[in-house]
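Remarks on the structure that follows.
The values are calculated or read from the model by the stated rules, or taken from the named source; none is laboratory data. All of these numbers come straight from a predicted model, not from anything done at the bench. Here the Cβ is made from the backbone with ideal geometry for all residues, glycine too, and neighbour counts use every protein chain on show. Accessible surface areas use protein heavy atoms only, side chains included; no ligands, DNA or RNA. Shrake-Rupley method; radii C 1.70, N 1.55, O 1.52, S 1.80 Å.
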Amino acid sequence: MRRNILVLGAGFGGLSTVRELQKHVSPDDKITLIDRSESQVQGLSLLWLLRGWRTLDQVQLVPTKDALGRAEHVLADVEQLDLGARQVRTSQGEFAYDALVLALGAELNTGAVPGLEEALAAGVAAHYYTPEAAVDAHAKLKAVASGKVVFLVSRIPFKCPAAPYEGAMLASDLLTETGVRDNVSVDVYTPEPQPMPVAGPVVGQGVVQMLESQKIGFHPGRQVEGVDAEAREVVFEGGERVSFDLLVFIPPHQAPAPVKAAELSPTGFVPVDANTLATMVEGVWALGDVASITLANGKPLPKAAVFAKGQAEAVAAGVARHLGYDQAPEPHFSGEGHCYLEIGGHLAAKGAGNFYHPDGPKIELSEPSEDLHRAKESEEQQWLAEWSTSTHDG
């Protein structure tokens, strides 16, 4: 009897899960991938759009039918999860499932901070968390001749813990290229106590030193209350006001509306078993940015594509076991991961290690090099190539 497997979301986690599933389940089982868009862009490419090292046509990916294998790709908005009835309602109708994988990521909500949307509309603010926004941010930075550029982490959590600091350093690099860096101050404000706090104090101090080497100010422990677009000021808790000529911000993130409405947790992000990615609901898994995993040090596992890709094998094996296929031993997600840190000048550092260490994440930050920048480029190009050709199994 054919079973229906639904994978919601065609980002890193969803695509990787679709590929892994085809190694574990019968061709008689139906795999359906549902996403509102047929294309995707890697997060690491967004930073290079910000810097001006990529164009939209170079980074947008539309998975080919050959690369998707026997999975059906349905373009639709996910509207409601009925976990009791094992159905998903979409803009293209209802889909019943025997196994459900949630890979819908995290959504942006600029309206969560008063004044952010007004600042965007006034042209005095930008972000780089969508392809179009990153292109706009590049144009705005390139037009800066003098004044103050403020990078702002508006809310926690957010995707890619290194992104605010990479963005600031790449902006500094761009302003150096345009010849105006000496006339422009660049500062980062964040509610975090240090950069990338989950990685520990040594990594955080290493990133601060990188910022200082580029004369970028770092201001931790700042919780934003709102933005005054007309006055061009950021207002923080306690009444501190910081002026800017251009505000570049990390948007507030939230769980996708249908996931939040399913009431799997108070925040909407889905608690899962750290090793298997199974949720509290039988037959349902969640991975990537929509999932919530608490580490040994009490901090959340960062929202990063490397984890979504790494979790897919465990999810696919768990789905197969749930459907009655022999999966011994059952693969577990190990907690291993890495993150490149762009500093400009085609140099990158790399933080890598085990986030599941019982004493808390054990992460080492390497020195920046051209080789690491090229390694990051290789990862970008490999992902683009994988989904533009027929490389699936099954």
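Is it true that Val41 is open to solvent by less than 20 Å² (accessible area, probe 1.4 Å) and β-branched (Val, Ile, Thr)?
Values: open to solvent by less than 20 Å² (accessible area, probe 1.4 Å): no; β-branched (Val, Ile, Thr): yes.
No.
Would you mind telling me which numbered condition in (1) within 30 Å of Gln381 (Cβ to Cβ); (2) open to solvent by less than 50 Å² (accessible area, probe 1.4 Å) Thr55 fails?
Thr55 satisfies every listed condition except (2).
Considering only residues of region 34-67 that are of a type in the set (A, V, I, L, M) and touching a His at 6+ places or on another chain (Cβ under 7 Å), which is farthest from Gly14 (Cα to Cα)?
Restricting attention to region 34-67, the residues satisfying the condition of being of a type in the set (A, V, I, L, M) are 34, 41, 44, 46-47, 49-50, 56, 59, 61-62, 67.
Imposing the further condition that a residue be touching a His at 6+ places or on another chain (Cβ under 7 Å) reduces the set to 49-50, 67.
Numbers: Leu49: 24, Leu50: 26, Ala67: 13 Å.
The extreme case among them is Leu50.
Could you check, for region 165-177, whether at least one of its residues is open to solvent by 10 Å² or more (accessible area, probe 1.4 Å), in a loop (DSSP other than H, G, I, E, B) and out of contact with any Phe, Trp or Tyr (no Cβ under 9 Å at 6 or more places or on another chain)?
Within region 165-177, none of the residues are open to solvent by 10 Å² or more (accessible area, probe 1.4 Å), in a loop (DSSP other than H, G, I, E, B) and out of contact with any Phe, Trp or Tyr (no Cβ under 9 Å at 6 or more places or on another chain).
Given the conditions (1) surrounded by fewer than 22 Cβ atoms within 10 Å (Cβ to Cβ); (2) over 30 Å from His322 (Cβ atoms), report the number of the one that Asp29 does not fulfil.
(2)
When residues of region 335-373 are filtered for being more than 29 Å from Ala314 (Cβ to Cβ), crowded, with 19+ Cβ neighbours inside 10 Å and without any contact (Cβ under 8 Å) to a residue 60 or more places away in the chain, how many remain?
Taking region 335-373 first, the residues more than 29 Å from Ala314 (Cβ to Cβ) are 342-347, 367-371, 373.
Cutting the leftovers down to crowded, with 19+ Cβ neighbours inside 10 Å gives us 342-344, 368, 373.
Applying the additional criterion that residues be without any contact (Cβ under 8 Å) to a residue 60 or more places away in the chain yields 373.
The number of residues fulfilling the criteria is 1.
Tyr325 - would you say it is part of a loop (DSSP other than H, G, I, E, B), under 30 Å from Lys23 (Cα atoms) and at pLDDT 95 or above?
It is false that Tyr325 is part of a loop (DSSP other than H, G, I, E, B), under 30 Å from Lys23 (Cα atoms) and at pLDDT 95 or above.
Of the residues Ala316, Ala349, only one is closer than 26 Å to Gln40 by Cα, of a type outside the set (Ser, Thr, Tyr) and touching a His at 6+ places or on another chain (Cβ under 6 Å); which? Spell out the reasoning first.
Values: Ala349 fails: touching a His at 6+ places or on another chain (Cβ under 6 Å).
Of the residues listed, the single one that is closer than 26 Å to Gln40 by Cα, of a type outside the set (Ser, Thr, Tyr) and touching a His at 6+ places or on another chain (Cβ under 6 Å) is Ala316.
For region 197-228, how many residues are open to solvent by 20 Å² or more (accessible area, probe 1.4 Å), touching a residue at least 40 places away in the same chain (Cβ under 8 Å) and assigned to a loop (DSSP other than H, G, I, E, B)?
Matching residues across region 197-228 total 2.
Does Ala316 satisfy being on the phi < 0 side of the Ramachandran plot, touching a residue at least 60 places away in the same chain (Cβ under 8 Å) and part of a loop (DSSP other than H, G, I, E, B)?
On the way: on the phi < 0 side of the Ramachandran plot: yes; touching a residue at least 60 places away in the same chain (Cβ under 8 Å): yes; part of a loop (DSSP other than H, G, I, E, B): no.
Criteria not met by Ala316.
So, restricting to strands (runs of 3 or more DSSP E) that lie completely within region 232-276, which ones have at least 2 residues that are at pLDDT 95 or above and buried (at least 21 other Cβ atoms within 10 Å of the Cβ)?
Qualifying strands (runs of 3 or more DSSP E): 246-250.
Give me the pairs, please: first residue somewhere in region 67-81 and within 14 Å of Ile5 (Cβ to Cβ), second residue anywhere and open to solvent by 10 Å² or more (accessible area, probe 1.4 Å) and of a type in the set (Lys, Arg), beta-carbon distance under 8 Å, and either six or more positions apart or on two chains.
Gly69/Arg19; Glu72/Lys30; His73/Lys65
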